[in-house]
Amino acid sequence: RKRVLSGAQPTGILHLGNYYGAIRNYVDLQENRDAFYTIVDLHAITVSHDPKELRESTRTTAALYLASGVDPKQATIFVQSQVKAHTELSWLLQCATPIGWLERMIQFKEKSRKLRNMEGDDEEEVKRRSQESVSTGLFTYPVLMAADILLYRADLVPVGEDQKQHIELTRDIAVRINDKYGGKKWKKRGGRGGRVLSVPEPYIPPVGARIMSLQDGTSKMSKSAENDASRINLLDTPKQIETKFKRAKTDAFEGLEFGNPERPEATNLLSIYQLATGYNKESIMRECGSMRWGEFKPKLAEAVIASLGPLQSRYNELVDDPAYLDAILKEGAEKASGVAEQTVKDVKDAMGFLI
Ligand code: TYM
């Protein structure tokens, strides 16, 4: 059976971008595959965090996986920090990852620039400020992510567009480990077909891979954006959802259309409508092509409220039963550890450690 692995950070509450870009596909992919879905709490501490909030968000995120339809009977759901192999493999991989590969990571550049409060591109100033405010963990973050994936020998990794570069890095790291330590020597020691690690593929959906901010159609919807009105959180009330769409940025063009580069907000809001209703583009254009924003927005809000309804009621049942959630996470961590420890053992053996 094919293996699937993915994860989301427990920072705040998952939003529509996380849902359409990734979590919904966790659900589709769990059937007929061996799926592992993790809550990556170790990644959440790469920027400054509050312990109480981390504790809460970790449980909320796990509950939202379940509420979204991730099924513990089919998939293994676990908290990353509860499986020790993640930090262990991460170190082994770090030592095989050139600094230059990490310096190219767009997400690191963006996040560290934001932490430094910088707009411009002055390389010297960037360097000076980063020495104080950017953690080493933020820099090595993609290697920990590679460990998450490689530990389970995942074939497929469902993610949004923004994680594509990290998956490419993961592939490069796996190939490098295989080149350095795999092949004949490793086969002789009993290694699987000479390959120490499997090389994964990203699974990026055709629609929803990059949901944009409601306040600016050129920047992506994000948990860390200061303005809460820029995103729809999966636990927002119907009233909040209505208000956020009502205030969403639009344009002064006539009618509505997909794909006009001058109208990023129109493309984004229509795509959200497409995802919430399941209609295809043609029928949406027939229905909404000549609408005004004032007519379309309440329709959009209604569709999103309806599509989140079942998820929210499942969530409310789950928070009433914390023991159930704990039991699932405990079982998940045990099962994940079994698989992950075998991989660490293989990598260590191939690299020359006494095991
Ligand atoms: P995170 O926590 O930022 O986001 C979780 C998932 O949601 C996707 N996503 C989006 N998709 C569409 N539109 C958006 N606006 C949007 N914002 C976020 C992300 O692509 C992601 O799939 N580094 C990862 C977490 C991670 C991981 C892993 C993922 C750690 N280890 C191993 C896969 C496999 C992250 O920060 O995702």
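A few remarks follow.
- Ranking F139, F353 from most to least accessible surface, computed with a 1.4 Å probe over the protein chains only, gives F353, F139.
- Order by protection proxy (mean Cβ within 10 Å, highest first), peptides 249-262, 57-70: 57-70, 249-262
- Shape category assigned to the chain from the gyration tensor of Cα positions, a/c cut at 1.5: prolate
- Of A229, A340, A154, the one that fluctuates the most in a GNM where the chain has Cα springs shorter than 10 Å: A229
- P(r) tail fraction, the stretch 236-315 - alpha-carbon pairs more than 14 Å apart, %: 61 percent
- Whether the stretch 97-217 is rounded, prolate or oblate, judged on the alpha carbon gyration tensor where a/c under 1.5 counts as rounded: oblate
- Cα gyration tensor shape of the stretch 28-102, rounded if a/c is under 1.5, else prolate or oblate by comparing a/b with b/c: oblate
- Phi angles of the stretch 225-230 translate, via the Karplus equation with coefficients 6.51, -1.76, 1.60 and θ = phi - 60°, into HN-Hα couplings of 4, 5, 7, 5, 6, 7 Hz per residue; Gly and Pro are given as x.
- For K246, the lysines whose Cα falls under 18 Å of its own Cα, not counting residues fewer than eight places away in the same chain, are K297, K299.
- Fraction of antiparallel bridges per DSSP, the chain only, in percent to nearest 5: 10 percent
- Distant-in-sequence amide H partners of K220 (H built 1.01 Å from N, under 5 Å): S213
- Where the chain is the region considered: accessible area per residue in Å², 1.4 Å probe: 50 Å²
- Carbon/sulfur fraction of accessible area - the chain, other protein chains in place, 1.4 Å, %: 49 percent
- Relative contact order (%) - the stretch 236-315, alpha-carbon pairs under 8 angstrom, separation at least six: 38 percent
- Close amide H pairs (under 5 Å, H built 1.01 Å from N) link H15 with L234, residues at least 5 positions away or on another chain.
- Our helix-only sum for the chain, with -39,500 (n - 2.57) per DSSP H run of n ≥ 4 divided by its residues, gives a mean residue ellipticity at 222 nm of -17000 deg cm²/dmol.
- Alpha carbon centroid spacing (whole Å) that separates the stretch 251-266 from the stretch 178-206: 46 Å
- Length-normalised contact order of the chain in % [C-alpha pairs under 8 Å, at least 6 apart]: 22 percent
The values are calculated or read from the model by the stated rules, or taken from the named source; none is laboratory data. Just so it is clear, the structure is predicted and the values come from calculations on it, not from any experiment. Every residue, glycine as well, gets a Cβ built from its backbone with ideal geometry; the counts of neighbours run over all protein chains shown. Heads up: the accessible areas ignore ligands, DNA and RNA and are worked out on the full protein's heavy atoms, side chains in. Shrake-Rupley method; radii C 1.70, N 1.55, O 1.52, S 1.80 Å.
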